[in-house]
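Read through the structure below, which is laid out as structure tokens, and then see the notes.
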Amino acid sequence: MAVLDGIRAVTAYTLDLQPIGRRAQVKSGTTLLEGAQRSGVELVSVCGGAGLCGTCRVQQLEGDLTPVSADERAELSAAEIAAGWRLACQCEPLSDVKLYIPAESLSSAQRLQLEGAAAEIERDPVIRLVDVDLAPPSTEDLRADMQRLADHLGADYPASPAFMRQFAEAARTNDWSLRIAIRDGELIAALPRAQRALGLAVDIGTTGLAAYLIDLDTGVTLAKAGAMNPQIAYGEDVISRVAYASTHADGATVLQARLVTTLNDLVTTLCNQAGAQPQQVIEAVLVGNSAMHHLVVGLPVQQLGEAPYVPVTAAALEFPAAQIGLNIAPAAYVYLPPLIAGYVGADHVAMLLATGAPDADQTTLALDIGTNTEITLVAGGHCWSCSCASGPAFEGAHIKDGMRAAPGAVERIDLFDGKVMLKTIENKPPVGICGSGILDAVSVMVEHRLVNERGSLNAEHPLISERAFVLAPADPAAGTKAISVTRQDVNEIQLAKSAIRTGIDLLLEAAGVEASAIESFVIAGAFGSYINVESAVKIGMFPALPRERFTQVGNAAGMGACHLLLSHAQRQIAADLVARVNYIELTTVPAFQDRFIANLMLTPPSKGQT
């Protein structure tokens, strides 16, 4: 730290706190713990920052920090220090720094979407469960274990060495009274008779994971849990993760390992909730966009980042869970549904299955908003799909005071009699703006003419101060800074809004359907669950349809994953659906660029429109 004329030169650095998505400016000499807490990210610090408890662990991903202290060496292993783990209370930034904060270091969790609406299905079990009581070996009966089982079942089903090991141990531990799981003619699990056979369904989102533990006998969901996708530490959106995997020698391996570790943690959490063991999980269904699909399986992703953006495979995949290190039953399988295209993935297929949109009698538009927004239009018995690069703005990224949906994030904004009214998550003091909040803010700015249609701020408006719309003033006593919306923030929303609206418009044109003919507008996903639909209409992101035509269905992709876990028929429907979808690559449509530019305008609906 430089000293000039006896005065210490103070430098400001940026802390990029992932996976929370919060960026904070801190002065030199500020510990990471102080910087995070001042920005509203509450790290656990049992010892109050004395370096004695080890609860404020963070991982340094980029940038420079002060040297490792003696207290850190006492709390962290040499391997942890080598991997970049530090105690936030013991180090200060020496440059801009990017940090990964594990869930256990956060005192309050980010809000994740686990609930979702779904159509009812008839269960069509993928796995057949057979209860067996076998005679134990004796000097008069020297049949091998597997022969004994085959004779009882009346068929010599194939089995892996992993099953044979489990069967031999379980048989002797449980007096040869077992529950045998058979999957497509293969023996995959041997459980004690009293244990439930369980299935795992996971929606692997770019930002968050939603996991469900299901009783395969009854179809009942026994537990559900969410977690942030740890890959966020290596890139906030799909493109940046594809780039990381492609430009680092071990990039794809690191991304896969971090994701599978989190999946295994979720399995443990779910089993603890249900009073079960991971080896009771005998089938898993994973859904995600094409990049998440490839990364979890270990397929190369470089081709997804280069035109013409084709996947390695679009077919459904089935393989032993052990191949990716998933800690469930030793011979269990993982199923991933098929992809529609390079950027319309298995999560969108699962969402369509859950909502029943492809078979709707009405003209239906279904979309899942995220860093990559996937849209399907159903009209006249035909389906058209596209993918829009909407970017991470709706996740709070690239927004000056943006953050993901955690306590203290502004999620609702309105203006009454010239006064700004805010609603924050858990009604905590405001510390930043999440996606639904920034959408509301821009809508308010459009409605009350704080911005023009091009996104330029109205400097004459009394609510515009220092080139920003101030939502919450600074509070020196609490050590918080002002929260505001800048023109750059508005421009980020314009880009995201235009990408989505252009996708909608071009699908409608391909189908020869007017926007007014949409009878059902289905909005899925975590962001879609919380947005104010009226705000999306006001800025022109959605068509001006009657409010009753819009339905917010939550994590329908997760619900679709559950359906695929419980029904062989649903897996066949998924394959048939992919075959009938007309995929449109928007960048090849001649009108795309002109339509995208036109949709950048923030034009509110005309009087009389809803």
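The values are calculated or read from the model by the stated rules, or taken from the named source; none is laboratory data. Not measured: the values here are computed from a predicted model. When we count neighbours, we look across all protein chains shown, and the Cβ atoms used for this are built from the backbone with ideal geometry, even at glycine. The area values use the complete protein model at the heavy-atom level, side chains included, leaving out ligands, DNA and RNA. Shrake-Rupley method; radii C 1.70, N 1.55, O 1.52, S 1.80 Å.
Annotation: GLY84 fulfils all but one of (1) modelled with pLDDT of 90 or more; (2) more than 20 Å from ASP16 (Cα to Cα); (3) among the small types (Gly, Ala, Ser); the unmet one is (2). Residues that are basic (Lys, Arg), part of a loop (DSSP other than H, G, I, E, B) and within 21 Å of the chain's Cα centre (by Cα) do occur in segment 402-423.
Within segment 229-257, the set of residues being open to solvent by less than 30 Å² (accessible area, probe 1.4 Å) and closer than 19 Å to ASN372 by Cβ comprises ASN229, PRO230, GLN231, ILE232, ALA233, GLY235, GLU236, VAL238, ARG241, VAL242, ALA245, LEU255. May I ask you to verify whether GLY455 is touching a strand residue (DSSP E or B) at 6+ places or on another chain (Cβ under 9 Å) and either touching a residue at least 40 places away in the same chain (Cβ under 8 Å) or not in a loop (DSSP other than H, G, I, E, B) (or both)? So GLY455 fails the test.
Residue-level check: of (1) touching a residue at least 24 places away in the same chain (Cβ under 8 Å); (2) outside any helix (DSSP H, G or I); (3) open to solvent by 10 Å² or more (accessible area, probe 1.4 Å); (4) of a type outside the set (D, E, K, R), LEU299 misses just (1).
Scanning segment 353-372 for residues that are open to solvent by less than 10 Å² (accessible area, probe 1.4 Å), under 16 Å from GLY554 (Cβ atoms) and in contact with a strand residue (DSSP E or B) (Cβ under 6 Å, 6 or more places away or on another chain) yields a count of 3. Candidates are the residues of segment 531-589 that are assigned to a loop (DSSP other than H, G, I, E, B), touching a residue at least 60 places away in the same chain (Cβ under 8 Å) and of a type outside the set (A, V, I, L, M); the one that is farthest from ALA315 (Cα to Cα) is PRO546. With respect to the conditions (1) modelled with pLDDT under 95; (2) within 30 Å of GLY435 (Cβ to Cβ); (3) of a type in the set (A, V, I, L, M, F, W, C), VAL126 lacks only one, and its number is (2). Residue count for segment 377-394, restricted to those that are touching a residue at least 24 places away in the same chain (Cβ under 8 Å) and either more than 18 Å from THR588 (Cβ to Cβ) or open to solvent by 10 Å² or more (accessible area, probe 1.4 Å) (or both): 12.
Residue by residue, here is whether (1) closer than 19 Å to HIS563 by Cα; (2) modelled with pLDDT of 95 or more; (3) aromatic (Phe, Trp, Tyr) holds:
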| residue | (1), (2), (3) |
| --- | --- |
| ASP145 | no, yes, no |
| GLU186 | no, yes, no |
| ALA197 | yes, yes, no |
| GLY205 | yes, no, no |
| LEU222 | yes, yes, no |
| PRO230 | no, no, no |
| ALA233 | no, no, no |
| SER240 | no, no, no |
| ASP250 | no, no, no |
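Please verify whether segment 495-502 includes one or more residues that are more than 30 Å from THR363 (Cβ to Cβ) and of a type in the set (A, V, I, L, M). Within segment 495-502, none of the residues are more than 30 Å from THR363 (Cβ to Cβ) and of a type in the set (A, V, I, L, M). Against the conditions (1) more than 30 Å from ARG571 (Cα to Cα); (2) in a loop (DSSP other than H, G, I, E, B); (3) modelled with pLDDT under 90, SER95 satisfies every one except (3).
Evaluate the following for ASP475: is it of a type in the set (Asp, Glu), open to solvent by less than 10 Å² (accessible area, probe 1.4 Å) and closer than 27 Å to MET445 by Cα? It is false that ASP475 is of a type in the set (Asp, Glu), open to solvent by less than 10 Å² (accessible area, probe 1.4 Å) and closer than 27 Å to MET445 by Cα. Restricting attention to segment 74-86, the residues that are without any contact (Cβ under 8 Å) to a residue 40 or more places away in the chain and in a strand (DSSP E or B) total 1. Annotation: ALA397 fulfils all but one of (1) surrounded by fewer than 24 Cβ atoms within 10 Å (Cβ to Cβ); (2) part of a helix (DSSP H, G or I); (3) not basic (Lys, Arg); the unmet one is (2).
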